Amino acid sequence: MLKAVLKVKPSPKEILEERGELAVQAEEVLRQNDMGGWTRAAPGLYPHQWSWDSAFIAIGLAHLDVRRAARELRTLFAHQWRTGKVPHIVFNPKTPPKSYYPGAEHWACAAASPDAPPAPPYTSCLTQPPVHAIAASRIWEAAGRESEEGLSSTRDFLHGIYPRLFAWHRYLLTYRDPEESGLVTIYHPWGSGTDNSPRWDAALAAVEVGELPPYPRYDLQHVTDSSQRPTNGYYDRYLWLVKLIKEAGCDERTIYRSHPFLVKDVLSSAILVAANEALLKIAEVIGAPDEDRELIAGWAERGRRGLDACWDADLKLCLDYDLRADKPLRVRTVAGFAPLIAGGQDPDRVEALLGVLDSPVFAEHPGSRWSLPPSTSPEELRFHPRSYWRGPTWPVINWLLWWSLLRAGNVERAERLRRVSLEPLASGGFGEYFDPYTGEPLGSTSQSWTAAVALDWLVG
Ligand code: 9WN
């Protein structure tokens, strides 16, 4: 089939040369997107600092310069809210007008909430998955391969960032989990990082959208065809939810009472479990008090129990939960592999998950160019191979799965995933996402986090 035709084996020398070249190109993308103390997510489409992008970027930067990697996270956390929230976007005040919508003026969080940073650079009011403690611990690991000086500056960094990471996780486990379920509640699909995934379709369909003023779609200028981005119908809903969040003064309790979109997100929750494990390691390095460590270990345990409750034994995947409709959101997407990402699962659960991952439902779909998981299973009616989170394969998600397999001790499967994950990048560059059938790079070009995970795969 197509796969066999495309798989002409390069020689070991060719592979080495190609890898070296790819690593140089990845470094170049990160250099071009470097804005000083932070990195824009992409040159055109995303000219600001995004929360989970920065965490992945720091993982890549750690191989180039541990101090710069640490600075990426420090800059982001300088904009943490009083509640501990790490905002999903920190807006660059120097970006030309008409670059990204909705921007800082539209969000106007500082005016809406006393908890927001009061001065520019302003932020959005949402969050994204908490990859940051994982990134901080990867920086520490990279520093271990460095000089004594690099190690000691990274130890200082960990001392500084630890209380901020702790406050961030505590925010997610309190404000975003008043039920103490161990699962993170999101108020907006943007909060999941997987914006137009069919994960959210049923919950969004129940949102009644009122009058909205006309708004621009600057994002469409940066893609080769509009099918790669969410439709106007989705954008109406996104902007309507933003309006409601602002009207609630970005106040979590008010949002919890009145907001029409309230969902337990299993991917964010699983990342939080893994991030709590990483935070425990950091706590050890800096000698944090025992009470902290007990609390963090308890958070990780609670998260695992929460994910357990979302397990669907028929689909053999984890499902998000719609708090408003009081029911699971039954769609097969990569988020379903959440227990693998959380780690610490019993072998039967891991085997069941790998069975689904390595089946035609995901990575072994007969039409796929590579054995990589599409963001949504091609067997879902709402699958679309070119549309953002509705089908394309995303390098950062593949990184999360690869890293999870390594942690689970499945080195051979992890290595296979690492090698295949590099193929779309070697053939199509540092695209944001890739058509699983044709391998075409889609969305933004020169996407920072794609370059960062490539560096980690190649150099790490
Ligand atoms: C909205 C920056 C971000 C990623 C998200 C991805 C996309 C933004 C958008 O780009 O979201 O936050 O405008 O589409 O979905 O995961 O962090 O790369």
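Across region 208-220, in residue order, what do the Karplus-derived ³J(HN,Hα) couplings come to in whole Hz, using 6.51 cos²θ - 1.76 cosθ + 1.60 with θ = phi - 60° and x for Gly and Pro?
The phi angles translate into 8, 8, x, 5, 10, x, x, 9, x, 10, 4, 4, 5 Hz.
Mind checking which helices in the chain clear 24 Å along their axis (Cα) and have mean Kyte-Doolittle hydropathy of 0.0 or more, DSSP H runs only?
TM-like helix candidates: 266-286.
Given the Cα-Cα distance of SER359 and VAL459 and 0.36 nm per residue of separation, how much length would full extension add, in nm?
33.0 nm is the gain from fully extending SER359 to VAL459.
On a 1.4 Å probe surface of the protein chains, which of HIS365, HIS48 comes out largest in accessible area, and what is the full order?
HIS365, HIS48
If I model a spin label at LYS94 and ARG170 as a point 7 Å from the Cα along the Cα→Cβ vector, what separation in nanometres do I get?
It works out to 3.5 nm between the two label points.
Return the distance in nm (one decimal) between the two label points of a simple spin-label model at THR438 and GLU247, each offset 7 Å from Cα along Cα→Cβ.
4.2 nm
Heads up, I need the accessible area for GLU415: 1.4 angstrom probe, whole protein in place, Å², nearest 10.
60 Å²
Using only the heavy atoms of the protein chains and a 1.4 Å probe, how would LYS281, LYS85 rank by accessible area, largest first?
Sorted descending by solvent-accessible area, the residues read LYS281, LYS85.
I need the shape label for the chain. Rule: rounded when a/c is under 1.5, else prolate if a/b > b/c, else oblate, with a, b, c from the alpha carbon gyration tensor.
Verdict is rounded for the chain.
Could you give the spread of the C-alpha atoms of region 288-418 along their three principal axes, from largest to smallest, in whole angstroms?
Per principal axis, max minus min of the Cα coordinates gives 52, 41, 27 Å.
What does the charge count near LEU45 come to, summing +1 for each Lys or Arg and -1 for each Asp or Glu among other residues with Cβ under 12 Å from its Cβ?
0
Mean residue ellipticity at 222 nm from the helices of the chain, using -39,500 (n - 2.57) per DSSP H segment of n ≥ 4 over the full residue count, to the nearest 500 deg cm²/dmol?
Calculated at 222 nm, the ellipticity per residue is -15500 deg cm²/dmol.
May I have the convex hull volume per residue, in Å³, for the Cα set of region 206-303?
Convex hull of Cα atoms, per residue: 186 Å³.
Can you sort HIS384, HIS79 by 1.4 Å-probe accessible area, starting with the largest?
Result, largest first: HIS384, HIS79.
Compute the accessible area per residue over the chain, keeping the other protein chains in place, probe 1.4 Å, unit Å².
So the chain comes to 39 Å² accessible per residue, rounded to a whole number.
Starting from 0.36 nm per residue, how many nanometres of slack lie between GLU149 and GLU291 once their C-alpha separation is accounted for?
Extra length available between GLU149 and GLU291 comes to 48.1 nm.
Which value, in Å² and to the nearest 10, is the accessible area of THR445 when all protein chains are kept and the probe is 1.4 Å?
Near enough 100 Å² of accessible area.
Say each of ARG19 and ASP308 gets a label point 7 Å from the Cα, pointing the same way as Cα to Cβ; how far apart are those two points in nm?
4.0 nm
Extension gain LEU220-HIS106, at 0.36 nm per residue separation less the Cα-Cα distance, in nm?
Stretched fully, the LEU220-HIS106 segment lengthens by 39.2 nm.
Ignoring ligands, DNA and RNA, please state the percent of accessible area on the chain from carbon and sulfur, probe 1.4 Å.
For the chain, the apolar C and S fraction of the accessible surface comes to 53 percent.
Ignoring everything but the protein chains, give the 1.4 Å probe accessible area of ARG31 in square angstrom, nearest 10.
Solvent-accessible area, nearest 10 Å²: 140 Å².
Could you work out the relative contact order of the chain, using alpha carbon pairs under 8 angstrom and six or more residues apart, expressed as a whole percent?
It rounds to 18 percent for the chain.
The values are calculated or read from the model by the stated rules, or taken from the named source; none is laboratory data. Small disclaimer: the values here were computed from a predicted structure and weren't measured. Positions of Cβ are generated from backbone atoms using ideal geometry, with glycine treated the same way; all protein chains shown enter the neighbour counts. We work out accessible area using only protein heavy atoms, side chains counted, and drop any ligands, DNA or RNA first. Shrake-Rupley method; radii C 1.70, N 1.55, O 1.52, S 1.80 Å.
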